[in-house]
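Okay, structure first, notes after.
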Amino acid sequence: MQQELVDKIKNDPKYQALVSKRSRFAWILSIIMLVIYYTFIMVIAFSPQTFAAKIAEGSVITIGIPIGILIIVSAFILTGIYVWRANGEFDNLIHQIKEGIK
Amino acid sequence: MSRNFLIWGAFATLFAATGVFATGGALDGAIEKQSLNVAAIVMFLLFVAATLAITYWAAQRTKTAKDFYTAGGGITGLQNGLAISGDYMSAASFLGISALVYRSGYDGLIYSIGFLVGWPIILFLIAERLRNLGKYTFADVASYRLAQTPIRTLSAFGALATVILYLIAQMVGAGQLIQLLFGLPYWMAVVIVGVLMILYVTFGGMLATTWVQIIKAVLLLSGATFIAFGVLYSFDFSFEKMFTEAINTTRDAKGMMSGEVIMAPGGLVNNWFDAISLGIALMFGTAGLPHILMRFFTVADAKEARKSVFFATGFIGYFYILTFIIGFGAIVLISKNPEYLTAEGGLLGGNNMAAIHLSHAIGGNIFLGFISAVAFATILAVVSGLTLAGASAVSHDLYANVFKRGEVNEAQEMKISKIATVCLGVIAIGLGIAFEKQNIAFMVGLAFAIAASANFPVLFLSMYWSKLTTRGAFIGGGLGLLTAIVLVVIGPTVWVAILGNEEPIFGSKYPALISVTTAFVGIWFFSIIDNSKRAQIDRAAFEAQDIRCQTGIGAEGAVTH
C-alpha cells in the first residue's frame, strides 16, 4: 500500500469511527466473556460448595448445572451479537471507506 | 496421471481394508478386543468410499497453490463453521469428555466450558484480522511486516511441534480405539488411518479435507444427538429423574465418584494457579492451533470468517451439552450392566468407552456400529486437518519463504507440500506405532501449551502492537516455547508419570500462566530495547498493515471455479 493511500484512509473520519467503535465493542465483549469465565472458574477453585446448592427445595439439581449451561449459551449469544453488528454496521462503514478511495 | 494414481490408491486401500477386516477379528480377537463388528465395518467402508469419491472430485478442482492450501477461498461461513467444529470435536473430546462426566460428573462440564470460551475471544480479537492479512498459514500474518526468515522459522517450528504432538496423540488413540471397536490389530489401524489421510490431503488438498470435516461433524452431531435423545427418553425427558437416578447409582470401581458429589465441582481444579493457568492454556492455545487458524483463510472475506466462528461456537457448545447428558446417562444405564463391565467393575476397554457402550445400550448393535464408524471417521478428519497444516508450514513457510526466499514457482511449492504430506503421514504412522504402549496423556496438554506460549503471543502482538520488532518476537516467542516445554517436562505429567520420579520439580500440570507471561514479557522487553535498522522497518510498516487489518483493503480474495 502506498504511503499516499495510507494517509488518505488514516485521515478519513469514517475510518477513525470504524476503528474506535469496533475496537471498543470487541474489547467490551471480550472482557464480558473473560469476566464470566474467570468468575466461574474462581468460584470452583475457592468455593466449590457454592455450586453445590440446590436450585429448589426437594430438587437434586445443583445451581452449578444451569450456570454451566448458561455460560455455554452466553458464549454463543455474545458471538451472535458481535457478528450481527459487525456484518451490518461495521461492514457498511468499510464499504463506504472503500468507495471513498476509488 | 495423478488422478489415476488416486483411483488405484483408493481401490487398493478399500481392498486392503476389506481384507484386513475380514481376517483381523479371527487373528487375535481373544485378547481384549471386541469381536468383529459387521455393522461398524460396513458403515465405515461407506464413509471411506464417500470421502474418497469427494477426494476424487476435489482433486479435479485443486490446481493452484491457493486451491490446495485454502480450497480457493470459496468455502462459506456455515460450511467453515461446521468444518471448524469438526476439527475441534475430536474423538478425544467426544469420548474423553463424556468419560470425564461418567467418572466424576460435574467436572466434565468445567472442562468443556474451558474449551468453548476461547471461541468468542478468537472472534472478537483475531478472526477477521487474520482473514484480512493472511494468505495460507498463520505465519503469513505473524511475519507480515517482520523479517521473514526468523519469524517464519519460529512459527513453522511452533506449528510443526503442535501438529506432531497432536498427531501422535490422535494416532495412538485411533489405534487403541479401532483395535477395540473393530477387532483390528493396533498397527493395521494406525496404517489405515495414515494411508487414508495421505490420500485425502495429497490429492484433495483443503477442499477434500474441508468436506471430510463437514461430513464427520454432521455425523458426529447427529449420532450424539440420538444418544442424548435416547438417554432423555429413558428418563421420560425429566432431568430431575436422570440426576436422581445417577446420584443413587453407587459405584465402587476405582476412581469412580458416586452420590451427591457428582453434582458439584470435584477435584479437577482446586487452586487459583491451576484455574487461571488452565483457562489461559485452553483459550490462547485454541487461538494458536495451526490447523484451526488455517481454516480462516478458506473463506472469501471477513464477513464469512465471522460467521464461521458464530456457527462453530453454536455447534461446539451444543455438542458439549450433549456430552454432559451422555455422561450422566452412562452412569445410570451402563455402570451397573455386567455386559459392559470387567470383573473389577471398570468399563470394558477403559473409561473412554462410556459413550460407545451407551450407544449400544440405547440403539443396539447397528447403532453401536454407527457410532464406532463415526469415531473412526472423526479421527481421520482431525488427522487430515493436522497434516495439511503441518505440510503447509513445511512447503509454504520453510521451503518457499525461508529456503527459497519467496523465489519459487507454484508448481514446485505444491510438489513440496505433497511430499511433506506423505512424509508427515509416514512419521505419524511410525510414531503412532512407536508410542503404542507409552503414556501420552501429556501430549495434547503440551501441544496446547506450545500453541499458547509460542504461536499465539507472536501472532497477537504482530496484529496489535505497533512497536513489535523482529528481534523481540523471535526471542520472546522462543522463550515462551522453551518455558512451555521445560515446565511440562519437569511437571507431574512427564517428570513423575513417565520418568518415574517421586515429586515433580514444577508442581502444576498447567504451565501456561508462566510460559505465556514469559513470552509476552520477553517480546515486550526485547522489542523496546531493539534499536536496530530492522526494528525501524518493522515499526514503520505497522500503519499500512493496520489499515489492511481493519478494512481488508488489499486482502486476498476468493477464486471462483
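No lab work stands behind these numbers, since they all come straight from the coordinates. From a predicted model like this one, the values you see are computed outputs, not experimental measurements. Backbone-built Cβ (ideal geometry, glycine too); neighbour counts: all protein chains shown.
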Checklist entry - Longest exposed-loop-site-free stretch of chain B, with trypsin sites (Lys or Arg not before Pro), DSSP loop and at most 16 other Cβ within 10 Å? => result B:64-253
Checklist entry - Per-residue HN-Hα couplings for segment B:74-83, Karplus 6.51 cos²θ - 1.76 cosθ + 1.60 at θ = phi - 60°, whole Hz, x for Gly and Pro? => result x, 7, 7, x, 5, 4, 5, x, 5, 5
Checklist outcome for this item: Expressed as a whole number, the average count of other chain Cβ atoms within 10 Å around the Cβ atoms of A:56-69 is 5
Item to check | Karplus-derived HN-Hα couplings along segment B:405-414 (A = 6.51, B = -1.76, C = 1.60, θ = phi - 60°), whole Hz, x at Gly and Pro | outcome: 6, x, 8, 8, 8, 4, 4, 5, 5, 5
Item to check | Expected 222 nm ellipticity per residue - DSSP helices of 4 or more, -39500 (n - 2.57), all of the protein assembly as shown, to 500 | outcome: -23500 deg cm²/dmol
Checklist entry - Using alpha carbons only, how many degrees (0 to 90, rounded to 10) separate the axis of helix B:441-450 from the longest principal axis of chain B? => result 20
Checklist entry - Once amide H atoms are built 1.01 Å from N in the peptide plane, which residues 5 or more positions from residue B:147, or in another chain, come under 5 Å H to H? => result B:470
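Excluding residue B:213 itself, what net charge comes from residues whose Cβ is under 11 Å from its Cβ, given Lys and Arg +1 and Asp and Glu -1?
Numbers: positive: B:216, B:295; negative: B:87.
Here the charged neighbours net out to +1.
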Item to check | Cβ-based net charge around residue B:334, under 13 Å, with every Lys or Arg adding one and every Asp or Glu removing one | outcome: +1
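First select every other residue whose beta carbon is under 14 angstrom from the beta carbon of residue B:527; then total the charges, Lys and Arg +1, Asp and Glu -1.
+3
Assign one of three labels to segment B:105-204, namely rounded, prolate or oblate, based on the Cα gyration tensor with a ≥ b ≥ c the square roots of its eigenvalues; rounded applies when a/c is under 1.5, prolate when it is not and a/b is larger than b/c, and oblate otherwise.
In terms of gyration-tensor shape, oblate.
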Checklist entry - Rounded, prolate or oblate: which one fits segment A:26-79, using the alpha carbon gyration tensor with axes a ≥ b ≥ c (rounded when a/c is under 1.5, else prolate when a/b beats b/c, else oblate)? => result oblate
Next on the checklist: Could you tell me how far the Cα centroid of segment B:196-233 sits from the Cα centroid of segment B:450-515, in Å?
Outcome noted: 32
Checklist entry - Rounded if a/c is under 1.5, else prolate if a/b beats b/c, else oblate: with a ≥ b ≥ c from the C-alpha gyration tensor eigenvalues square-rooted, which is chain A? => result prolate
Checklist outcome for this item: In cubic angstrom per residue, the convex hull of the protein assembly as shown built on its Cα atoms measures 149
Next on the checklist: I'd like the orientation of helix B:148-182 relative to chain B: the angle between its Cα long axis and the longest Cα principal axis, in ° from 0 to 90, rounded to 10.
Outcome noted: 10
Checklist entry - Can you work out ³J(HN,Hα) from phi for every residue in segment B:457-464, in order, using Karplus 6.51 cos²θ - 1.76 cosθ + 1.60 and θ = phi - 60°, giving whole Hz and x for Gly and Pro? => result x, 5, 4, 5, 5, 5, 8, 10
